[in-house]
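The values are calculated or read from the model by the stated rules, or taken from the named source; none is laboratory data. None of the values given here were measured: they were computed from a predicted structure. Note that each Cβ is placed from the backbone with ideal geometry, even for glycine, and that neighbours are counted across all protein chains shown.
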């Protein structure tokens, strides 16, 4: 016997689209921009890596790895842009959380220059 109160007490497990740790000072030129990413993990990247190892040729694997790297760089670049944009409106303080219709983005500067970026899909209640 389920009631509306029981439905509101459901536990929804946490989900993570991706997690990254980066430092913008590690890659200051176009050639070294990928060096900014110290750690990156997502469920899609792990399953894609397994699939590449099992089924693809070397050229397909290289293309897939390049696509994955480009995706990571776009995500990190977007986060850096959001931080800088937010700082222009908050006396230099950085943005901590951004919530959109599709995701929740958490940005935290662990130490000077070292950032952690966690993105989870939004859950509608």
Residues satisfying the stated conditions in the stretch 82-125, i.e. over 13 Å from residue 17 (Cβ atoms), in contact with a helix residue (DSSP H, G or I) (Cβ under 8 Å, 6 or more places away or on another chain), at pLDDT 90 or above and surrounded by 13 or more Cβ atoms within 10 Å (Cβ to Cβ): 107, 115
Count of the stretch 26-58 residues which are at pLDDT 85 or above, surrounded by 11 or more Cβ atoms within 10 Å (Cβ to Cβ) and over 14 Å from the mean Cα position of the chain (by Cα): 6
Residue check, residue 79 at pLDDT 90 or above and over 24 Å from residue 15 (Cβ atoms): no
